[in-house]
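A short reminder: the numbers here are calculations on the coordinates, not readings from a lab. Here the structure is a predicted model, which is why all the values come from computation and not from measurement. Cβ coordinates were reconstructed from backbone atoms using ideal geometry, including for glycine residues, and neighbour counts include every protein chain displayed.
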Amino acid sequence: MTLNMFENVDKPNPPDEELNVQRKWTRAYIVVLIVIMASVIYITMLSYQTVTTIVDKPTLDEYANLPKSADCLCTNLSIPYHTFINFNPQFHEICKSHFIELNGEWMSLLYDSYKYQRFNKRNLRTFQRMALFHFQAIQAMCRMAVMAVNNELTLFLNSTLTTVEILEPDLFENKINTTINNFCLNTMRSTFLYPLQLIRNMYSGNGLISAIGTNWYPVIAFEATIGTIYMQAQKYNLSSCNCATMPACVEPISLELNSGSNWIVPGMMIGCLPLESMLESTLECIYDQDCLDTISETLLAKSILSLSSARTRFKPINTTKLITTASELFIEDWGVKFSYEKYFASCQPKTCSYVSSERFHIINSMSTILTIYGGICILLQFIIPIGFKFAYKCFSRRNRQITAMDTT
């Protein structure tokens, strides 16, 4: 073997002894290098390596194929809800029906009935006298609910979802569903139920007198010459409930038929105040064509078409009170739709990166092997001569000791 990797350029023709030593160093160099590099290659190919992959401005399809561990930074950190959420609330049919239309046939019929009955002191608790205020209360509740929903939707949809990283589809769906449920619940509570309860508590605590005499009535006629007018509380449910102590007193309302007898209107109540009696009533009658026909016949009007029970979720019709319907803002369906595609487009992820572990990655492996090879080559250039010289000294010293012992 004539290969000499330790040739001294300053001695082009070294002595044979020195040349033999350099060639021994070369053999040792090659053997050690082969052993070390074989070990490095073996370990490198079997060991797992961490690889970081970066994807610039990924599309939705590219993002869908990335691992779930991928981190994608949004270009837009605050995204308005209206860019990817749409509401189309459907309200109870009563809120858009002819029964509460201001100048509609039904309200006009009830107004004419009240106008005819308002000076009739014989019976104040008939359908003819009180139905107008009942449906006016429903009309007010519907208007209040629609206004509350529209106002809150405007505020909510203009608020923003703030995220640094894009949400995964499953996490996005769960988060948006939770947000929408909280919004609906807070809207019902803060903008409708709480103000409604405040109104009820206010007129209850202040003892307000109804202008139509349903909770208090004068003991002395207005035409009396005495300056003091005494008021007496109305009583309902066969005098078992007194408006002075229980402003929520109600009882079924009756229709005074043309024959002179009274007929109980299904589901409809009368009480201390029209609002309270309305909330304790059901909508059974306006879903019952026979009930409406009886009313129309008594009021000498043409038949009024009933509502369809198939178009409401508030069932059963005959037991679901209006306070239940009103508590849910008269909403049949919020009509919520949200789009992950629109959210992704609004987020506009600028980069996605993920870390993966691979057993053999040719580029990284070759880079590692070449780096180690270069370092080992340089290191062996120094270690091999030093090692041989050290071993030679140790061997020579031992030989001298053995020779000295033999001589002795």
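Side notes on the structure shown:
- Matching label, semi-axes √(5λ) of the Cα gyration tensor in Å computed from the structure shown, candidates (1) 100, 22, 16; (2) 48, 23, 19; (3) 40, 24, 19: (1)
- Modelled this way, with points 7 Å down the Cα-to-C-beta line, the labels at LYS393 and LEU102 are 11.2 nm from one another.
- Relative contact order for segment 76-347, counting Cα pairs under 8 Å that sit 6 or more residues apart, in percent: 28
- Over 23 Å [Cα-Cα, segment 156-296], rounded percent: 60
- Other residues with beta-carbon under 15 Å from the beta-carbon of GLN136 carry, at +1 per Lys or Arg and -1 per Asp or Glu, a net charge of +1.
- Unit charges at the beta carbon, dipole of segment 76-347: most positive-side option, ALA140, THR228, LEU193: THR228
- Fraction of antiparallel bridges per DSSP, segment 76-347 only, in percent to nearest 5: 95
- Cysteines of the chain lacking any other cysteine Cβ under 4.7 Å from their own Cβ: CYS184, CYS377, CYS394.
- Only Lys, Arg, Asp and Glu carry charge here, each on its Cβ (+1 for the first two, -1 for the last two); on that basis segment 76-347 has a dipole of about 740 debye about its Cα centre.
- Counting 0.36 nm for each residue step from THR50 to LYS24 and taking away their Cα separation leaves a gain of 5.3 nm.
- Local net charge near LEU171, Cβ-Cβ under 14 Å (Lys/Arg +1, Asp/Glu -1): -3
- In this structure, the pairs whose alpha-carbon distance is over 26 Å, taken from LYS96/LYS337; LYS235/LYS315; LYS175/LYS350; LYS235/LYS302; LYS175/LYS321, are LYS235/LYS315; LYS235/LYS302; LYS175/LYS321.
- Cβ-Cβ FRET estimate between SER190 and LEU257, R0 fixed at 56 Å, reported to 0.05: 0.80
- Modelled label reach - LEU171, point 7 Å along Cα→Cβ, segment 65-90 residues with backbone N closer than 13 Å: 67-74
- Backbone N within segment 294-324 under 20 Å of label point (7 Å from TYR111 Cα along the Cβ vector): 296, 299-305
- Site pair ILE36 and LEU305 shows an inter-label distance of 9.6 nm when each label is modelled 7 Å from Cα along Cα→Cβ.
- Only Lys, Arg, Asp and Glu carry charge here, each on its Cβ (+1 for the first two, -1 for the last two); on that basis segment 274-355 has a dipole of about 680 debye about its Cα centre.
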